[in-house]
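Asker: My questions all concern the structure below.
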Amino acid sequence: MSGERTTTVLVGVTGGIAAYKSCELVRALMKRGYRVKVVMTDAATRFVTPLTFRTLTNEPVAASLWEDDPSAPVHHISLAEEADVFVIAPCTANVIAKIAQGRADDLLTTAALATEAPIVMAPAMNVHMWRDEATQENVDRLRDRGVVFVEPESGELACGDVGEGRLAPVEAIAEAVMAEAERAQDLAGRHILVTAGGTQEPIDPVRYIGNRSSGKTGFAIADEAARRGARVTLVTGPTHLADPFGVEVVRVQTALQMHAAVMERAEDVDAVVASAAVADFRPAEVARGKIKKTAAPEAIALVRNPDILAELGARQERPVLVGFAAETSDVESNARHKLEAKRCDLVVANDVSDPALGFGTDANRVAFVTRDGVEWLPMLSKRVIAREIADRLARLLGGADVE
Ligand code: PMT
């Protein structure tokens, strides 16, 4: 655990027979040194009383939206803000469905919607409810949004059925919480610069050469790094995306502007994640007025743009460098070439020959290419890919072996 403040884990208890195991979870978390607070659904209070958790945690137990002390801060919001990790165990199919839909009709689901903390869910339910398509779709949706699932185990269930649906072992849930608590601050004290989006290279005042990058990948990385305690500067080409919370955003249009914005800050950063699709070329001349259809040039002369990443890599004192490689063929070997040529610590390679992946999509399939080898990930949401990148970034920064 890092930081001076004690890490607070909010334990959400929902109404299932496994609710009694939440008492063990609370104890396991307290043994690990966490401050634990409990929020219960009304149904959960039928299985275990709030008094039990109050006695175990020595903290008030939250069970209703309507029992607030009027002088206290808004309860669901303060719970959500206090939490460094929010673990819901056991989590019923109903609560999974409500959170997947963004419904917030009790204290627990309201806190889940309001929190910025990582969420861990440990489902427990009847095997058929777990396997039902609706539940699995909800689980996938939440996974894509970054929720960590501790999968239920197989065995005899309280209802007499046999199959998966039993709450995972308490120790496994506590371990997952611990991993999230460590992640939550593993980039604290670091300054990370992320480039995102595509640049636009003007031909005349209304036309430009551009690409299909939406900025989603870079924005997700910036958001994730900020959540994990980093100071983040995001230098982005034109995009419709809103500024991620707590991130300094520098909006640029051209490769030359992106180059200037990055170089201005390069001395001051610990790492650069270059996810932007920077135009390699720009028109040699930009027409002052809109080029008339009748006066269209036969060809547009292009000149090379500076390679921002390569320039950073060539520095004697360089930050940790994570480059991207958007390839349509020979993905691994091209990415390996970029790793060496631009002196990166890690290259995130993606095969953009499939229009369903990479540019503009919500999911992608990437490989991590380092000097130690290549690791392909399955198709994942860009939010989850951002988490994977931040994990590796934290390791690279922690083990700083930068020349
Ligand atoms: O924005 P999204 O819609 O989410 O799409 C994400 C993405 C497909 C744009 C992203 O995953 C990606 O692959 N980004 C890099 C695209 C690219 O331009 O790759 P490249 O092979 O041309 O460049 C290699 C690396 O050098 C990249 O890190 C790039 O940012 C950097 N570069 C390239 C040219 C240049 N002039 N300066 C650079 O810094």
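The values are calculated or read from the model by the stated rules, or taken from the named source; none is laboratory data. Bear in mind that the values here come from a model prediction, so they are computed numbers and not experimental data. Heads up, the Cβs are rebuilt from the backbone with ideal geometry, glycines too, and the neighbour counts pull from every protein chain shown. Accessible surface is based on the protein model in full, side chains and every heavy atom, while ligands, DNA and RNA are left aside. Shrake-Rupley method; radii C 1.70, N 1.55, O 1.52, S 1.80 Å.
Asker: Roughly how many nanometres apart are two label points built 7 Å out from the Cα toward the Cβ at Leu377 and Ala356?
Answerer: Placing both labels 7 Å beyond Cα along the Cβ direction yields 1.9 nm.
Asker: While we're here: Using only the alpha-carbon atoms, how far is helix 21-31 inclined from the longest principal axis of the chain? Give it as 0 to 90 degrees, nearest 10.
Answerer: For helix 21-31, the angle is close to 70 degrees.
Asker: What is the magnitude of the charge dipole of the chain about its Cα centre, with +1 placed on the Cβ of each Lys and Arg, -1 on the Cβ of each Asp and Glu, and no other charges, expressed in debye to the nearest 20?
Answerer: Here the size comes out at about 800 debye.
Asker: Okay, next question. Tell me the accessible surface of His76 in square angstrom (1.4 angstrom probe, heavy atoms of protein chains only), to the nearest ten.
Answerer: The accessible area comes out at roughly 40 Å².
Asker: What's the carbon and sulfur percent of the stretch 8-183's accessible surface, probe 1.4 angstrom, rounded to a whole number?
Answerer: The nonpolar share, carbon plus sulfur, comes to 51 percent.
Asker: Roughly what angle does helix 170-183 make with the longest principal axis of the chain, taking Cα atoms, 0 to 90 degrees, to the nearest 10?
Answerer: 30
Asker: Further question: Roughly what would the spin-label model give for Asp132 and Glu285, points 7 Å off Cα along C-beta, in nm?
Answerer: 6.9
Asker: Also: In µm²/s, what is D for the stretch 8-183 at 10 °C and 1.306 mPa s, where D = kT/(6 pi eta Rh) by Stokes-Einstein and Rh is the Kirkwood radius from Cα pairs?
Answerer: D, rounded to a whole number, is 100 µm²/s.
Asker: Where the centroid of each part is defined by its Cα atoms, how far is the stretch 210-228 from the stretch 105-171 in Å?
Answerer: Between the Cα centre of the stretch 210-228 and that of the stretch 105-171, the gap is 28 Å.
Asker: Here's another thing I want to ask about it. Taking a quarter of the surface of the convex hull around the Cα atoms of the chain, what do you get in nm²? It would help to have the intermediate numbers written out before the result.
Answerer: On the way: hull surface 96.1 nm².
If you wrap the Cα atoms of the chain in a convex hull and average its projections, you get 24.0 nm².
Asker: May I pose another question? Can you give me the % of accessible surface on the stretch 191-399 that is carbon or sulfur? Probe 1.4 Å, all protein chains present, nothing else counted. Don't skip to the end; give the middle numbers.
Answerer: Numbers: 5030 of 10020 Å².
In the stretch 191-399, the share of accessible area belonging to carbon and sulfur is 50 percent.
Asker: Round to the nearest 10 and give me the degree value, 0 to 90, for the angle of helix 133-144's Cα axis relative to the longest principal axis of the chain.
Answerer: Long axis of 133-144 versus the principal axis of the chain: about 50 degrees.
Asker: Sort 194-203, 232-241 for me by packing, meaning the mean count of neighbouring Cβ atoms within 10 Å per residue, highest on top.
Answerer: With the highest mean Cβ count within 10 Å placed first, the list reads 194-203, 232-241.
Asker: Further question on the same structure: Cross-chain or 8 or more residues apart, Cα under 28 Å: how many lysine pairs in the chain fit that? Count them up, please.
Answerer: The number of close lysine pairs in the chain is 11.
Asker: Further question: Describe numerically, in nm with one decimal, the distance between label points set 7 Å from Cα along Cα→Cβ at Arg54 and at His337.
Answerer: Between Arg54 and His337, the simple spin-label model gives 6.9 nm.
Asker: Can you pull a Stokes-Einstein diffusion coefficient for the stretch 158-224 at 10 °C (1.306 mPa s), Rh from Kirkwood over Cα pairs, as a whole number of µm²/s?
Answerer: 93
Asker: From the C-alpha gyration tensor of the stretch 191-399, pull out the three semi-axes of the equivalent ellipsoid (sqrt of 5λ each), sorted largest to smallest, in whole Å.
Answerer: Each semi-axis is √(5λ); the values are 29, 19, 17 Å.
Asker: For the chain, what is the accessible area per residue in Å², given a 1.4 Å probe and the full set of protein chains?
Answerer: On a per-residue basis, the chain sits at 48 Å².
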